Amino acid sequence: MSKPLNDTVGATGKLKQAIMVWDMPVRVFHWLLVICFAGAWLSSESEQLAMIHYAFGYTACLLILIRLVWGVIGTRYARFNQFLKSPKAVLGHFMSMLRGYPHHDVGHNPAGGLVMFALMLLILLIGLTGYLSVKEFLGSFVSEAHEAISSIVLGLVIVHIIAAIGMSVIERQNLVRSMVTGKKKGFPEQGIRYPQYLIGAVIFLGALYFFYLTLSGGLPSLTQ
């Protein structure tokens with residue numbers, strides 16, 4: 001079997017360079033969701049921090065709803081049809097890695113995309129069970145489900161972090177930094193043209209305002 005092309009040189013002999021892959025809305029979503037999940041987890045055991053817990057949790061759900069919309073109308077690598085693949089494609093991705101031919105597309109790999117989408121759906125489920133728990137619907141069952149799903153998500157987050165570190169080594173680029181700068185290694189024609197800074201800023205400010213409204217009791221239907 002012939003060796004694959006060097007991961008820094010394409011079939012035409014062009015060298016890879018830093019290109020824009022992750023637009024600003026994707027980056028804002030990612031890091032605000034990290035903060036919200038961590039904040040909700042750390043404040044979950046204290047009654048005194050209940051409003052902070054609600055604010056982090058509901059803001060995480062708002063962010064995911066926005067991300068679901070952006071996954072349909074957003075830039076190239078933000079769209080679900082770019083990285084949500086069939087189970088066969090996910091299995092093929094793992095088999096390729098075992099054979100020493102890792103994924104080199106600039107967007108999410110099939111496994112990473114699947115995990116990310118699963119995390120979003122599970123966090124929405126955490127928000128729903130949390131809301132039902134606040135409303136005392138179905139008693140302790142909903143509260144226990146809320147805690148159980150939160151633990152599952154924490155496990156997936158840990159797997160996600162380990163995978164990001166591992167893929168950074170395999171792909172020879174810092175994937176965590178890429179989600180800060182928006183840039184990864186690729187060819188010029190693969191990059192997105194418009195980082196959508198204005199939409200990213202609107203999402204950021206909107207999420208902060210929603211967090212403030214929840215925290216201050218401005219949305220009593222969610223917290224009482």
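Values quoted throughout were computed directly from the atomic coordinates according to the rules given, and no laboratory measurement underlies them. For clarity, every value in this text was computed on a predicted model and none was experimentally measured. Reconstructed Cβ throughout: ideal geometry from the backbone, glycine too, with neighbour counts over all protein chains shown.
Assorted remarks:
- Compactness of segment 17-223 as Cα Rg over 2.2 N^0.38 Å, two decimals: 1.09
- Between R193 and A148, the distance separating the two model label sites (each 7 Å from Cα on the Cα→Cβ line) works out to 5.0 nm.
- For the pair F141 and R172 in one chain, pulling the backbone fully straight at 0.36 nm per residue adds 6.6 nm over the alpha carbon distance.
- Cut-off under 5 Å, modelled amide H: who pairs with M20 long-range: I192
- Scalar couplings 3J(HN,Hα) for segment 154-163, obtained by applying the Karplus form with A = 6.51, B = -1.76, C = 1.60 to θ = phi - 60°, are 4, x, 5, 4, 4, 4, 4, 5, 4, 5 Hz; x denotes Gly and Pro.
- Dmax and Rg, reported as Rg then Dmax, of segment 107-213 (C-alpha, Å): 18.0, 56
- For segment 114-166, the list of GluC sites (Glu not before Pro) that fall in a loop by DSSP and count at most 10 other C-beta atoms within 10 angstrom reads E136.
- Take every Cα pair under 8 Å whose residues are at least 6 apart in sequence, average their separation, divide by the length of the chain, and the relative contact order is 36 percent.
- 16 Å cut-off, amide nitrogen to a point 7 angstrom out along F80 Cα→Cβ, residues in segment 52-72: 62-72
- Spatially proximal aspartates and glutamates relative to K183 (Cα-Cα < 20 Å; intrachain offsets below 8 disregarded): D7, D23, D105, E171
- Annotation: the residues H93, H160, H108, sorted from fewest to most other C-beta atoms within 10 Å of their own C-beta, follow the order H160, H93, H108.
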